[in-house]
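S.K.: Submitted below is the structure of interest, expressed as structure tokens.
The values are calculated or read from the model by the stated rules, or taken from the named source; none is laboratory data. It should be emphasised that the depicted structure is a prediction, and the values quoted were computed from it without experimental measurement. For neighbour counting, all protein chains shown are included, and Cβ atoms are generated from backbone atoms with ideal geometry for every residue, glycine included.
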């Protein structure tokens, strides 16, 4: 079994797992591309209206993709694209009427992924956009020179020390 050189201290079972899965450089590159795409997507949200468009766009793409995939993965229970899309809308919105459920293992795995991504991914995008708005608002509300610099604080400290010394001399 080959071993991967890794700068961090990892146990042998972890290294063997990485070796069995192949190099992780492709995974790292894909994550970096995804992160860059998400950063660009979030950067487009300059105001609440465009943020709503980004969130709606991501939600729609995810819902349609999940519905189409479910039709392919579990064609027996989802014979039409309409049924796959209906299931996807129910799942992403966490309504879950239960009138259409995946019966085979691949469909159930896809359902679990859609549920987790629907809850986690949309929440993360919404929180990131909100954080960007808060940061932008904080910067817009700051007036130049409103924060004390280290030099100003040092000067105030020296001045207070002189005042205290002068008061001690008088008493």
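S.K.: Restricting attention to region 90-113, which residues are surrounded by 16 or more Cβ atoms within 10 Å (Cβ to Cβ) and within 20 Å of residue 59 (Cβ to Cβ)?
M.R.: If the condition is that a residue be surrounded by 16 or more Cβ atoms within 10 Å (Cβ to Cβ) and within 20 Å of residue 59 (Cβ to Cβ), then 90, 91, 92, 100, 110, 111 are the ones that fit.
S.K.: Would region 51-63 turn up any residue that is surrounded by 11 or more Cβ atoms within 10 Å (Cβ to Cβ), under 26 Å from the mean Cα position of the chain (by Cα) and more than 20 Å from residue 39 (Cα to Cα)?
M.R.: Yes, region 51-63 has at least one match.
S.K.: Could you list all residues from region 93-136 that are over 20 Å from residue 49 (Cα atoms) and under 15 Å from the mean Cα position of the chain (by Cα)?
M.R.: Hits for region 93-136 are 116, 117, 118, 119, 120.
S.K.: Given the options 85, 116, 167, 110, name the one that is in a helix (DSSP H, G or I) and not assigned by TED's automatic domain parsing to the domain that holds residue 57.
M.R.: The conditions single out 167.
S.K.: Just wondering, is there one or more residues in region 63-77 that are closer than 14 Å to residue 110 by Cα, assigned to a helix (DSSP H, G or I) and touching a residue at least 60 places away in the same chain (Cβ under 8 Å)?
M.R.: No: region 63-77 contains no residue that is closer than 14 Å to residue 110 by Cα, assigned to a helix (DSSP H, G or I) and touching a residue at least 60 places away in the same chain (Cβ under 8 Å).
S.K.: Now, a different point. Please verify whether region 110-127 includes one or more residues that are touching a helix residue (DSSP H, G or I) at 6+ places or on another chain (Cβ under 9 Å) and at pLDDT 90 or above.
M.R.: No, region 110-127 contains no residue that is touching a helix residue (DSSP H, G or I) at 6+ places or on another chain (Cβ under 9 Å) and at pLDDT 90 or above.
S.K.: If you don't mind, there's one more thing I want to ask. Scan region 137-147 and give yes if some residue there is under 30 Å from residue 61 (Cα atoms) and either over 34 Å from the mean Cα position of the chain (by Cα) or without any contact (Cβ under 8 Å) to a residue 40 or more places away in the chain (or both), otherwise no.
M.R.: yes
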